[in-house]
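Worksheet for the structure shown next.
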Amino acid sequence: MTLIKSISGIRGTIGGTQGTSLTPIDIVKFSAAFCRFLQESQKKENISIMIGRDARISGDMVNKILTGTLLGMGANVIETGLSTTPTVEMAVVSEKADGGIILTASHNPAQWNALKLLNHKGEFINEAEGAKVLELSEDANLNFATIDKLGNYREVKDSIEQHIKSILALDLVDVEAIRQAKFKIAVDCVNSVGALAIPPLFEALQVEKAFYLNETPNGIFAHNPEPLPENLTALSETVVREQCHLGFAVDPDVDRLAIVCEDGEMFGEEYTLVAVSDYVLSKKPGNTVSNMSSTRALRNVTEKYGQSYTSSAVGEVNVVEAMKKTNAIVGGEGNGGIILPELHYGRDALVGIALFLSHLAKKKMICSQLRTEYPNYYISKNKIELTPKTNIDKIFAEIKTKYSDYKINTIDGVKIEFDTEWVHLRKSNTEPIIRIYAESDSLPKANNLASKIMNDIAFIAKSK
């Protein structure tokens, strides 16, 4: 059983004992603490909190505990029900809520769930705010509301519809071009809320024909829900069999987007952001941002248009902070997360779909041909499981010493930049692992670089 408390929320496996997994008691403690944080920061007791969830099996149980706790704290609850993460983020703003909580463990397997915390702007809370929530969660003296100050509850049932309307209102989204392209598209909805959001989006975009896989939002994932190539074989086969123009895959909360080309080959999760940014920059000038573990191809595309690229620490809140500082018009993460500030500051697979289809339709290319327009970089993504005895500080310190002759960035773990390659190792915020990402101009080179660093880590971990 696992429970991870971080500045971005609380994430864990369902079942087990208090403090070691995501139990009802932990849900109460953390949601009450977040409610108190909002009451204190907003300087009022009568606050409103928007909540929504993906389709995980545990979602209904967690949602009921969360709702009761917030009402018991005196907060008004506005619920969107089954909904995507970007939809909830936008609903916080449209409903003028003081904050939000999204029940989703993103790409984690079915036994996981999480509480993701939003401020009144529909954006994830920052490090200082997260630390305050963690502090409050350990306060045994949190006061709950008396009978005359209990919160009120109401449902909002059109959040996804409003989200789609906002996407279609963007000048960058060309519905007519998409209609004329007569796209046939296969989609893996991974049995979660993508099944509720993508069909109406396709209808609004006038997509010619769609083939849906795993389209029942029951949280019973047919495969590992992370949209990686090894998990998308059925989608790839469907694209080829049905002679589709392309395929889309999303994660359970629909903030990540992966693309499959017409030949069944992966477009490359890293290149979702690259292609969408290319389209956005072709229409208007502006800067871009991605995190340190994302491909350098975005830098290449940005500089092609004479604009500036910035890398940030990993994590959506860090990307958003860098985007605001640099006035970036598009950004995100190499895991298929697209952030378009014109819509909202959050990763959004739905707007990613609309922008990519507009791009592909206007280019009048097949998907695999569009992919050849971008530089070929390859990222090797690896991880090492952590044990209670793992001394991460020692590992990072010794890696920095060993590679001190190279350019090293330590704003988020350790990133080492070689002449034409880089490797980035960092502790995950969502799982008890160290992630090791390496990029080069071929996959074997990237794998070899990652293996070299992983061997270094293994040696350091064994040494006294």
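The values are calculated or read from the model by the stated rules, or taken from the named source; none is laboratory data. Everything numeric here is computed off the predicted structure, so don't read it as measured data. FYI the Cβ positions are ideal-geometry reconstructions off the backbone, even for glycines, and counts take in every protein chain you see. Protein only, heavy atoms only, side chains kept; ligands, DNA and RNA dropped before computing areas. Shrake-Rupley method; radii C 1.70, N 1.55, O 1.52, S 1.80 Å.
Below are the figures for this structure:
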{"read-out": "Accessible surface of the chain [probe 1.4 Å, protein heavy atoms]: carbon and sulfur percent", "value": "50"}
{"read-out": "Neighbour net charge for Glu421 - beta-carbon separation under 12 angstrom, K R +1, D E -1", "value": "+1"}
{"read-out": "Spherically averaged projected area of segment 1-147 from its Cα convex hull (nm²)", "value": "7.8"}
{"read-out": "Local net charge near Asn231, Cβ-Cβ under 14 Å (Lys/Arg +1, Asp/Glu -1)", "value": "-4"}
{"read-out": "Projected-area mean, the chain, by convex hull of Cα positions, square nanometres", "value": "21.5"}
{"read-out": "Charge tally in the Cβ shell below 15 Å around Phe396, where Lys, Arg are +1 and Asp, Glu are -1, Phe396 excluded", "value": "+3"}
{"read-out": "Heavy-atom surface of segment 78-197, accessible at 1.4 Å and reported per residue (Å²)", "value": "42"}
{"read-out": "Semi-axis lengths (Å, descending) of the ellipsoid that matches the C-alpha gyration tensor of segment 271-408", "value": "31, 17, 15"}
{"read-out": "Packing-based order for 354-364, 253-263, using average beta carbon neighbours within 10 Å, highest first", "value": "253-263, 354-364"}
{"read-out": "Cα extents of segment 102-157 along the three principal axes, largest first (Å)", "value": "40, 33, 28"}
{"read-out": "Of the DSSP H helices in the chain, those whose Cα atoms cover at least 24 Å axially and whose Kyte score averages -0.5 or more", "value": "24-42, 443-462"}
{"read-out": "Dipole of the chain [Lys/Arg +1, Asp/Glu -1 at C-beta], most positive-end residue of Leu170, Ile460, Pro375", "value": "Ile460"}
{"read-out": "Heavy-atom surface of segment 312-464, accessible at 1.4 Å and reported per residue (Å²)", "value": "46"}
{"read-out": "Expected-Rg normalisation [2.2 N^0.38 Å, Cα atoms] applied to segment 136-286", "value": "1.32"}
{"read-out": "Those Cys residues of the chain for which no other cysteine Cβ falls under 4.7 Å", "value": "Cys35, Cys189, Cys244"}
{"read-out": "Base-10 log of normalised Debye intensity for segment 26-111 (one unit scatterer per alpha-carbon) at q = 0.23 Å⁻¹", "value": "-1.14"}
{"read-out": "Overall dimensions of segment 97-194 by Cα: Rg and Dmax, Å", "value": "19.8, 62"}
{"read-out": "For segment 56-213, with +1 on Lys and Arg beta carbons and -1 on Asp and Glu, the positive-most of Gly72, Ile160, Asn143 along the dipole", "value": "Ile160"}
{"read-out": "Of all DSSP beta bridges in segment 137-263, antiparallel share, percent nearest 5", "value": "35"}
{"read-out": "For segment 65-138: span of alpha carbons on each principal axis (Å, largest first)", "value": "29, 29, 25"}
{"read-out": "Electrostatic dipole magnitude of segment 80-161 [Cβ: Lys, Arg +1; Asp, Glu -1; Cα centre; debye, to 20]", "value": "160"}
{"read-out": "Segment 341-387: mean projected area of Cα convex hull, nm²", "value": "6.0"}
{"read-out": "Compactness index (Cα Rg / 2.2 N^0.38 Å), segment 331-438", "value": "1.40"}
{"read-out": "DSSP bridge orientation in segment 277-410 - percent antiparallel, rounded to nearest 5", "value": "35"}
{"read-out": "Kirkwood Rh (inverse of mean 1/r, distinct Cα pairs), segment 49-95, angstrom", "value": "11.0"}
{"read-out": "Antiparallel %, DSSP beta bridges [both residues in segment 82-212], to 5", "value": "55"}
{"read-out": "Rg to Rh quotient for segment 150-191, alpha carbon positions, Kirkwood Rh", "value": "1.19"}
